[in-house]
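Bear in mind that the values in this text are calculations on the coordinates, not laboratory data. Nothing here was measured: the structure is a model prediction, and the numbers come from that model. All Cβ positions, even for glycine, are placed from backbone atoms using ideal geometry, and neighbour counts span all protein chains on display.
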Amino acid sequence: MEHFPAKFDAPAQRRLLGELRRIIAEAPLFVPTMPRSGKEMSVRMTNCGPLGWVTDKERGYRYQATHPVTGKPWPNMPRVLLDLWNEVARYPAPPEACLVNYYAASAKMGLHQDKDEADFSAPVVSVSLGDTGIFRVGGTTRKGPIRALELKSGDVVVLDGEDRLAYHGIDRILPGSSDLLAEGGRFNLTLRRVTKP
Ligand code: SIN
Ligand code: FE2
């Protein structure tokens, strides 16, 4: 795992947030629900790029080319995210999905692996914007040591190699730790390659 603190400086964070506002205007945040139980997750989600990650009670975790509520194709992935991937991913094809998670003050994300992709040789690259998130990352089984680190606005994390399938999650966010978002809270953008090139 690689952590790049403040990879995006304050002006770059504001520019990326502007791109994100346009994406959300076109592809509104939706409420993801868990497979089978239908329980609502605490984050709100949307995507950009050719594919988006979605989940619901009936059909579970999957990638699809359209927004589950509007039925429209996902907005294009902003150039700045493709540039980031080219810089840090060391992978010969572009990302296909950018999952956007929004964490309001009490939202969190349980420990999980990202494993709905066909190619684990591509890394997972994520960008944090807004309030600090307490990120936990362990090994490739649920047992074993877990470490916690703070992801601040502008930070980038790359899960690659033996950490590509590491369990990870967000324990909680620290409300009020950033003034980037007028509404407070935290956005996380996760870039992934879904299919084999
Ligand atoms: C995720 O693993 O889906 C999100 C991680 C994060 O919010 O930093
Ligand atoms: Fe994840």
Margin query: Over 27 Å between Cα atoms: which of Lys108/Lys143; Lys7/Lys39; Lys143/Lys196; Lys39/Lys143 fall into that group?
Written below: Lys7/Lys39; Lys143/Lys196
Item checked: Cα-based reach from Lys57 at 12 Å (exclusive), listing aspartates and glutamates while leaving out same-chain residues under 8 positions away -> Glu40
Checklist line | Cα extents of the chain along the three principal axes, largest first (Å) | finding: 40, 37, 37
Checklist line | Calculated [θ] (222 nm, deg cm²/dmol) that DSSP helices of n ≥ 4 give over the chain, each run adding -39,500 (n - 2.57) | finding: -4500 deg cm²/dmol
Next item on the list: May I ask you to list the residues of the stretch 5-30 whose amide nitrogen lies under 16 Å from a point 7 Å from Cα along the Cα→beta-carbon direction of Ala105?
Entry: none
Item checked: Potential extension, Phe4-Asp179 segment - 0.36 nm per residue separation minus Cα distance -> 61.0 nm
Check: Roughly what would the spin-label model give for His112 and Lys196, points 7 Å off Cα along C-beta, in nm?
Finding: 2.5
Checklist line | Approximate spin-label separation Ile134-Leu149, in nm, with each point projected 7 Å along Cα-to-Cβ | finding: 1.7
